[in-house]
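Data first, discussion second: the structure below is written as structure tokens.
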Amino acid sequence: MLEIRQVTKLFNGIAAVREVSFVARPGEVTGYLGPNGSGKSTTLKMIAGLIEPSGGEILFQGVPIQRDRIAHKQRLGYVPEEPHLYGHLTGLEYLEMVGQLRGIPQRKLKEKIEGFLRLFSLFPNRFVPISSYSKGMRQKILLAAALLHNPELVLLDEPFTGLDVNSALVLRSLFQNLAEQGKVVLFSSHELEAVERICSHVVILHKGRVVANDSIECLRASLALETLEAIFSQFTAEQDTSAIAREIGEVMRL
């Protein structure tokens, strides 16, 4: 179980995340939602151990992650929002590098890499430099690298970026399958339809604070709203979006 307890992150004295608390449980995909700038990626980076919280505590399986950061990172797979890859390496070389850093035995690593490359439709391009890959292909390499060592905790920050419809459908099923295996899956995305289909529980951030933390069904019932989009708007909308759209149309016609 992943526990976030009163976590705050300050940048130059300004809070990007304020006293955020929630739990992500094994066996379910937890959706982590919020408008741009709400603190989603900052939270995931703190959970991944890439940046330090200014306050609060993060625990995985009941143990504070700062107690042994190396051990924590060995148990997690992280797909960041922005793909920072070594463009001069081929897809095969990149996965080999990641697997070796993870300490995966060479024979098993070879089988895993070949399997991921084939299943992600990257095998024909395995010898092509990543700098020549499309955005969607790079995203698939990131996903393969994150899952290569069979992590217990999976952090997904906008994992559908650049993917075609078929690949996105495969990932929807994959994330559900990971949860069924008993893994903790935290899924941050702007794809509200995907979140609604995949996640049973959602945490919604607004201006760095948690404004909703419940199952989608309970939120629907308590707010008398049918869709996750409507629920999201209820908690985060600061403007009349329909009015703004009409005004944009009026400006176009000037």
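Derivation of every value follows stated rules applied to the coordinates shown; laboratory data play no part. What you see is a predicted model, and the numbers here were worked out from it, not measured in a lab. A quick note on method: Cβ atoms are made from the backbone with ideal geometry, for glycine too, and the neighbour counts reach across all protein chains shown.
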*Taking region 169-188, which residues are buried (at least 18 other Cβ atoms within 10 Å of the Cβ) and farther than 20 Å from PRO151 by Cα?*
none
*Working only within region 4-54, note down all residues that are in a strand (DSSP E or B), surrounded by fewer than 16 Cβ atoms within 10 Å (Cβ to Cβ) and among the hydrophobic types (A, V, I, L, M, F, W, C).*
LEU10, PHE11, ILE14, VAL23
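When region 18-50 is examined, which residues are found to be among the hydrophobic types (A, V, I, L, M, F, W, C) and farther than 22 Å from SER215 by Cα?
Going through region 18-50, the residues among the hydrophobic types (A, V, I, L, M, F, W, C) turn out to be 20, 22-24, 29, 33, 44, 46-48, 50.
Once the filter is applied, which keeps residues that are among the hydrophobic types (A, V, I, L, M, F, W, C) and farther than 22 Å from SER215 by Cα, region 18-50 yields MET46, ALA48, LEU50.
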*So ALA221 clears everything in (1) in a helix (DSSP H, G or I); (2) surrounded by 13 or more Cβ atoms within 10 Å (Cβ to Cβ) except one condition, right? Which one?*
(2)
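Given the criteria under 22 Å from the mean Cα position of the chain (by Cα), assigned to a strand (DSSP E or B) and over 26 Å from ASN166 (Cβ atoms), does ILE58 qualify?
Yes.
Sort through GLY115, GLY162, GLY136 and tell me the only one that's without any contact (Cβ under 8 Å) to a residue 40 or more places away in the chain and within 15 Å of the chain's Cα centre (by Cα).
Values: GLY115 fails: within 15 Å of the chain's Cα centre (by Cα); GLY136 fails: within 15 Å of the chain's Cα centre (by Cα).
Exactly one residue qualifies, and that residue is GLY162.
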*Identify the residue in region 186-210 that is assigned to a strand (DSSP E or B) and under 15 Å from the mean Cα position of the chain (by Cα) and, among all such residues, is nearest to ALA15 (Cα to Cα).*
LEU205
*Does region 165-172 include one or more residues that are part of a loop (DSSP other than H, G, I, E, B) and closer than 25 Å to PRO35 by Cβ?*
no
